[in-house]
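Trainee: One structure, as structure tokens, below. Some questions next.
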Amino acid sequence: MYFQLTEEQNLIRETVRSFAEKELAPSAAERDENERFDRTLMFDKVAELGLTGIVFPEEYGGAGADYISYAIAVEELSRVCASTGVTLSAHLSLGANPVWLFGSEEQKQSFLTPMALGTRLGAFGLTETGAGSDAGGTKTFAVRDGEEWVLNGSKIFITNGGDAEIYIVFARTDKNAQKHHGISAFIVEKDTPGFVFGKKEKKMGIRSSPTCELVFENCRIPADRLLGKEGEGFKIAMKTLDGGRIGIAAQALGIAQGAYEEALKYARERKQFEQPIASFQGVQFILADMAVRIEASRLLVYQSAWRASAGLSYGKESAMAKLSASETAMWVTTKAVQVHGGYGYTRDFPVERMMRDAKITEIYEGTSEVQRVVIGTAVIRG
Amino acid sequence: MFLDLNEEQNLIRATARQFAETELAPLAAALDRGEQQELFLDNLKKLAQLGFMGLNVKADYGGCEAGVIAFSVALTEIARACASTAVTVSVNNMVCEVIQAVGSEEQRLRYIPKICSGEFLAGAFALTETGAGSDPAAMTTLAIRDGDDWILNGSKIFITSAPYAGVFVVWAVTDRSAAKGKGISCFLVEAGTPGCLVGRAEEKMGQHASATNELLLQDCRIPGSALMGKLNDGFRVAVAELAGGRIGIGSLGLGIGQAAIEAASRYALERKQFGQSISNFQAIQWKIADAATDLEAARLLLMNAAFRKEQNKSYSKEASMAKLFATEAANRVCYEAMQIFGGYGYTSEFPVERYSRDARITTIYEGTSEIQRLIIAREVLRSYA
């Protein structure tokens, strides 16, 4: 057992924290208010830091670092701006990672490398109106026509949707197969004829991160855009989401850490009954519970990241990390608003934004309920 | 980061598990009923012979130098079978460690090997008094110098292992005029010393085989050489050195929690209602998922605290976090495990009602959850000051 971070991992934390505090923090509230995605700030500059392909080998434009480094990067971005955190997580874990895991050499050259370098933004299209927790309900379908596939259908709740250039899209390729059989994964580029963007969602939180609908109407893509084997789509989606959970868990961890620090700062400054409210046990206990839950979640997140990089199984562990970190984020941000009292409910302080941002971490990339099913069945089956 | 056990730690864990499953688990229900106490004591001796009483103690004193992580995983395995045995092992290790840390070379050589070898079945801590629980500095037991000797008067309560302890670490006031906490010293009192009497045994909710008694000190005369550490430095010793005990109790809580979730998972697979195994129901799966996640987080917090102690880094905050989280998780897990068992879980036919009772004390002794939160908050606020 060795719990210390490496020098490189500590350096990544310092670098990302300094970027987040200097560059992201000043506009975080405004971008939230105006639902504004600032690509230069939230993606191009993140790419300059070498984060957009941090876990991929250098030959594909990555930084060759491990998953703990990646988790730290998402955590530090999210500590200040959860929207920037999810932009990176969706891009790397959901857009780029399936190409790394399942792509052909040519696909890696054409799509992974520009995503890793951060010249192109990635996204992931799995969810549909009727296929949320149950991806087996996918209705979008792809039909082979000569050297092309023809896509029809629509996808909703797509993070980075509209702004991303590369989309991993799941569609049914075998009409006779049921549920999770007969689904395939495709790489679809922005501006392909027949591929348009639908409604942009108005959200409670992570408002600076764009979320929109993808619509495919006789969208023709070359046959070589099939990712992995035909019919392998469900497996690709599940494998991708195993890794994605590390990113979202890290995002939740960062939100919790940010809110905790705000609460701590406020509790030490705010005076009532002639003393800082931090001197009251009622407030101290909230701060202590925040610290404990965050530390427990951090260890779960880093453990799942460590397992992913060490080549060990990490499906159950990343589900635990995501469940724990996201519920911790919700709890900590709610309590952080409480510590701030009436001020916390206003936009003069960042904790109300953090609380709204935290909520989604319990929902996307597998709800808490789905994580519990994943963990529960894994444990019961031993 | 590297989050696996090393070979030695794995071996110690496997040894502890094997002993726990073959010797401790079959006996635990009888011990809980107050039967076969002699076998409980026999097992303490066997555990000592296997090296479990001095896991983080130097070989010079009869310990096995296996480290704090090994101590934690061994304790968890023992508690998974029998919490009463586990608490005795935890306290014995802590007595050895405190003597090792604070005692003179003579004191170390006199007492530690006896506990490590099983010649003393136990060592005991005597800190708590009726009026000094979470606030130990409020103690009133008094030590007065008489020539070269000290004379102790007062009484201590809730003393684990008192009837079979060979040596007691006793805290007493040595300077009544000093500011609170500044006039307390620490002594080593041998069992059988005239005036050192084991008093009333507590009737407890759980952990029945582990004796908990009052300790009466009535004109108890001990030699000057019984003072451990510096004069009037005893309160600092209690606060600083006992943090390690929190890793022990947290590990104990984790072991009980693991036993409970394992029993509940097995039962959920077997038990049929509505024509199917109840493990098919999400209501049951979620309880098990939450329990497993809680316990995994607890394990990592414990390993992290143990790692820091082993590396000679500050670990007080981390030990408090681990103890708080693990023991509260153990209670939640036991509660839900009994819920999965339904009415059967409430009977002594299944072990979860015993686990629930055994787990309850873990959020109380060696620093209540409330005290752990105070320690954590204080450290956190200090670090941001």
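Coordinate-derived values only; no laboratory data. Bear in mind the structure is a predicted one, so any value in this text is a computation, not a measurement. Every residue, glycine among them, receives a Cβ derived from its backbone with ideal geometry; neighbour counts consider all protein chains shown.
Trainee: Could you please state, rounded to a whole Å, how far the C-alpha centre of segment B:158-187 is from the C-alpha centre of segment A:10-60?
Mentor: A separation of 56 Å, based on Cα centres.
Trainee: Then there's this: When the convex hull of the Cα atoms of segment A:154-239 is projected onto a plane and the area is averaged over all directions, what value comes out in nm²? Before the final figure, lay out each step's value.
Mentor: Values: hull surface 25.3 nm².
Reported value for the Cα convex hull: 6.3 nm².
Trainee: Let me ask something else. Which of the listed residues, A:Tyr260, A:Phe186, A:Ser309, is farthest toward the dipole's positive end in segment A:156-312, when Lys, Arg count +1 and Asp, Glu count -1 at the beta-carbon?
Mentor: Highest projection toward the positive end goes to A:Tyr260.
Trainee: Provide the descending list of Cα extents for segment A:228-377 along its principal axes, expressed in whole angstroms.
Mentor: Projected onto the principal axes, the Cα atoms of segment A:228-377 cover 68, 27, 24 Å.
Trainee: Restricting to Cα pairs below 8 Å that are 6+ residues apart, what does the relative contact order work out to for segment B:70-227? Please round to a whole percent. Before the final figure, lay out the partial values.
Mentor: Values: 301 pairs, mean separation 35.6, N = 158.
This gives 23 percent for segment B:70-227.
Trainee: Mind sorting B:Phe19, B:Phe325, B:Phe350 by how few other Cβ atoms lie within 10 Å of their own Cβ, fewest first? Walk me through the numbers on the way to the answer.
Mentor: Working: B:Phe19 21, B:Phe325 27, B:Phe350 18.
The fewest-first ordering by Cβ neighbours comes to B:Phe350, B:Phe19, B:Phe325.
Trainee: Which trypsin sites (Lys or Arg not before Pro) does segment B:351-385 hold that lie in a coil by DSSP with at most 15 other beta carbons within 10 Å? Spell out each step's value before the answer.
Mentor: Working: sites: B:Arg354, B:Arg357, B:Arg360, B:Arg373, B:Arg378, B:Arg382; in loops: none.
Those that pass, being in a loop and sparsely packed, number zero.
Trainee: Rank B:Ser117, B:Ser320, B:Ser225 by mean-square fluctuation in a GNM of chain B with C-alpha springs under 10 angstrom and give only the top-ranked residue.
Mentor: B:Ser225
Trainee: Which loop GluC sites (Glu not before Pro) in segment B:101-146, with loop taken from DSSP, have no more than 16 other Cβ atoms within 10 angstrom of their Cβ?
Mentor: B:Glu119
Trainee: May I pose another question? Once the other residues with Cβ under 12 Å from the Cβ of B:Ile222 are scored (Lys, Arg +1; Asp, Glu -1), what is the net sum? Provide the component values of the computation, followed by the final result.
Mentor: On the way: positive: B:Arg145, B:Arg221; negative: B:Asp146, B:Asp148, B:Asp149, B:Glu190, B:Asp219.
Residues near B:Ile222 contribute -3 overall.
Trainee: Mind listing the Cα extents of segment A:260-321 along all three principal axes, in Å, largest one first?
Mentor: Here the spans come out as 55, 16, 12 Å, largest first.
Trainee: Quick one: check the C-alpha center-to-center distance for segment B:1-70 versus segment A:102-171, whole angstrom.
Mentor: 54
Trainee: Next question, about the same structure. Could you work out Rg/(2.2 N^0.38 Å) for segment A:190-238, with Rg from alpha carbons only? The partial results should precede the final answer.
Mentor: Values: Rg = 14.6 Å, N = 49, 2.2 N^0.38 = 9.7 Å.
Expressed relative to 2.2 N^0.38 Å, the Cα Rg reads 1.51.
Trainee: Still on this model: Just need log10 I(q)/I(0) for segment B:262-363 at q = 0.14, 0.18, 0.23 Å⁻¹, Debye formula, equal scatterers on the alpha-carbon atoms, no solvent, rounded to two decimals.
Mentor: -0.60, -0.84, -1.12
Trainee: Which whole-number percentage describes the relative contact order of segment A:22-168, with Cα contacts under 8 Å and a sequence gap of 6 or more?
Mentor: Relative contact order, segment A:22-168: 21 percent.
Trainee: Let me ask another. Could you work out the relative contact order of chain B, using alpha carbon pairs under 8 angstrom and six or more residues apart, expressed as a whole percent? Walk me through the numbers on the way to the answer.
Mentor: Numbers: 747 pairs, mean separation 60.3, N = 385.
Answer for chain B is 16 percent.
Trainee: Going through segment A:121-229, which trypsin sites (Lys or Arg not before Pro) have at most 12 other Cβ atoms within 10 Å and a DSSP loop state?
Mentor: Loop-located and lightly packed - A:Lys175, A:Lys179, A:Lys202, A:Lys229.
Trainee: Report the Cα-based extents of segment B:98-191 along its three principal axes, largest first, to the nearest Å.
Mentor: Principal-axis extents of segment B:98-191 (Cα, largest first): 40, 30, 22 Å.
Trainee: Moving on. Can you give the Rg to Rh ratio for segment B:156-274, taking only C-alpha atoms and Rh from Kirkwood? The partial results should precede the final answer.
Mentor: Working: Rg = 20.2 Å, Rh = 17.4 Å.
Dividing the radius of gyration by the Kirkwood radius yields 1.16.
Trainee: How would you classify segment A:96-162 from its alpha-carbon gyration tensor, with a ≥ b ≥ c the square roots of the eigenvalues: rounded for a/c under 1.5, else prolate if a/b is greater than b/c, otherwise oblate?
Mentor: On the way: a/c = 2.12, a/b = 1.35, b/c = 1.57.
The shape class here is oblate.
Trainee: For segment B:140-150, in order, what is each residue's ³J(HN,Hα) by Karplus, 6.51 cos²θ - 1.76 cosθ + 1.60 with θ = phi - 60°, in whole Hz (x at glycine and Pro)?
Mentor: For segment B:140-150, the Karplus-derived couplings read 10, 3, 10, 10, 10, 6, 9, x, 7, 8, 10 Hz, x marking Gly and Pro.
Trainee: May I ask which residue of B:Ala238, B:Leu252, B:Tyr267 lies farthest towards the positive end of the charge dipole of segment B:219-324, with charges of +1 (Lys, Arg) and -1 (Asp, Glu) on Cβ and the Cα centre as origin?
Mentor: B:Ala238
Trainee: Please work out the FRET efficiency for the pair B:Asn312 and A:Val143, using the Cβ-Cβ distance as r and a Förster radius of 41 Å; give the result to the nearest 0.05.
Mentor: Numbers: r = 66 Å, r/R0 = 1.61.
Calculated transfer efficiency: 0.05.
Trainee: Which values of log₁₀ I(q)/I(0), to two decimal places, follow from the Debye formula for segment A:329-378 at q = 0.13, 0.29 Å⁻¹ with a uniform point scatterer at every Cα?
Mentor: Cα-only, vacuum Debye calculation for segment A:329-378: -0.39, -0.97.
Trainee: Based on C-alpha coordinates, I'd like the Rg and Dmax of chain B, in Å.
Mentor: In Å, with Rg to one decimal and Dmax whole: 20.9, 80.
Trainee: Going by a ≥ b ≥ c, the root eigenvalues of the Cα gyration tensor, does segment B:1-107 fall in the rounded group (a/c under 1.5), the prolate group (a/b larger than b/c) or the oblate group? Don't skip to the answer; put the middle values down first.
Mentor: Working: a/c = 2.28, a/b = 1.28, b/c = 1.78.
Judged from the Cα gyration tensor, segment B:1-107 comes out oblate (a/c at least 1.5, b/c at or above a/b).
Trainee: Considering all projection directions equally, how large on average is the shadow of the alpha-carbon convex hull of segment B:13-67, in square nanometres?
Mentor: Working: hull surface 16.0 nm².
For segment B:13-67, the mean projected area of the Cα convex hull comes to 4.0 nm².
Trainee: Using a basic spin-label model with each label point 7 Å from the Cα along Cα→Cβ, how many nm lie between B:Ser104 and A:Glu58?
Mentor: 6.2
Trainee: If you don't mind, there's one more thing I want to ask. Taking the inverse of the average 1/r across all pairs of different Cα atoms in segment A:15-68, what Kirkwood radius in Å do you get? It would help to have the intermediate numbers written out before the result.
Mentor: On the way: mean 1/r = 0.0814 Å⁻¹.
Kirkwood radius, segment A:15-68: 12.3 Å.
Trainee: Consider just the alpha-carbon atoms of chain A and return their Rg together with their Dmax, both in angstrom.
Mentor: Considering chain A through its Cα atoms, Rg and Dmax are 20.8, 79 Å.
Trainee: Return the whole-Å distance between the Cα centroid of segment B:309-337 and the Cα centroid of segment A:195-243.
Mentor: Computed from Cα coordinates, the inter-centre distance equals 42 Å.
Trainee: While we're looking at this one, here's another question. So for B:Val380, A:Val301, A:Val283, fewest C-beta neighbours within 10 Å to most, what's the order?
Mentor: Values: B:Val380 20, A:Val301 33, A:Val283 24.
Exposure proxy ranking, most exposed first: B:Val380, A:Val283, A:Val301.
Trainee: Please tell me which of these pairs span more than 27 angstrom C-alpha to C-alpha: A:Lys271/A:Lys359; A:Lys203/B:Lys287; A:Lys235/A:Lys322; B:Lys58/B:Lys180; A:Lys335/B:Lys287; A:Lys316/B:Lys309?
Mentor: The pairs that break the limit, which is 27 Å between Cα atoms, are A:Lys271/A:Lys359; A:Lys203/B:Lys287; B:Lys58/B:Lys180; A:Lys316/B:Lys309.
Trainee: Please return the longest range in chain A lying between exposed loop sites, taking GluC sites (Glu not before Pro), DSSP loop only, at most 12 other beta-carbon atoms within 10 Å, and leaving the sites out.
Mentor: On the way: sites that count: A:Glu147, A:Glu274.
Of all site-free stretches, the longest is A:1-146.
Trainee: Counting helices only, and only those DSSP H runs with n ≥ 4, report the 222 nm mean residue ellipticity of chain A as the sum of -39,500 (n - 2.57) divided by its residues, in deg cm²/dmol to the nearest 500. Before the final figure, lay out each step's value.
Mentor: Details: 12 runs with 177 residues, N = 382.
The per-residue figure over chain A is -15000 deg cm²/dmol.
Trainee: Another question about this same structure. Wrap a convex hull around the Cα atoms of segment A:113-203, take a quarter of its surface area, and give that in square nanometres. All intermediate terms of the calculation are to be shown ahead of the outcome.
Mentor: Numbers: hull surface 27.6 nm².
Computed as one quarter of the Cα hull surface, the answer is 6.9 nm².
Trainee: Let me ask something else. What is the helix-to-structure angle for A:281-310, meaning the angle in degrees between its Cα long axis and the longest Cα principal axis of chain A, kept from 0 to 90 and rounded to the nearest 10?
Mentor: The angle comes out near 30 degrees.
Trainee: Compute the acute angle (0 to 90°) between the alpha-carbon long axis of helix A:67-80 and the principal axis of greatest extent of the alpha-carbon atoms of chain A; round to the nearest 10°.
Mentor: It works out to around 60 degrees.
Trainee: Against the longest principal axis of chain A, how steep is helix A:351-361, in degrees 0 to 90 to the nearest 10, with axes from Cα atoms?
Mentor: Taking Cα atoms only, the helix is inclined about 40 degrees.
Trainee: With springs only between Cα atoms under 10 Å apart, run a GNM on chain B and tell me which of B:Pro163, B:Pro113, B:Pro26 wobbles the most.
Mentor: Largest GNM mean-square fluctuation: B:Pro26.
Trainee: For the protein assembly as shown, compute Rh as the Kirkwood radius over C-alpha pairs and then the Stokes-Einstein diffusion coefficient at 4 °C and 1.567 mPa s; write the answer in µm²/s, rounded to an integer.
Mentor: Values: Rh = 28.2 Å.
Estimated via Stokes-Einstein, D reaches 46 µm²/s.
Trainee: Counting other beta carbons within 10 Å of each Cβ, put B:Thr22, A:Thr127 in order, fewest first. Don't skip to the answer; put the middle values down first.
Mentor: Details: B:Thr22 10, A:Thr127 21.
The most exposed by this proxy come first: B:Thr22, A:Thr127.
Trainee: For n ≥ 4 DSSP H runs only, could you compute -39500 (n - 2.57) per run for chain B, divide by its residues and tell me the 222 nm figure to the nearest 500? Walk me through the numbers before you get to the answer.
Mentor: Working: 12 runs with 196 residues, N = 385.
The helix-only estimate for chain B comes to -17000 deg cm²/dmol at 222 nm.
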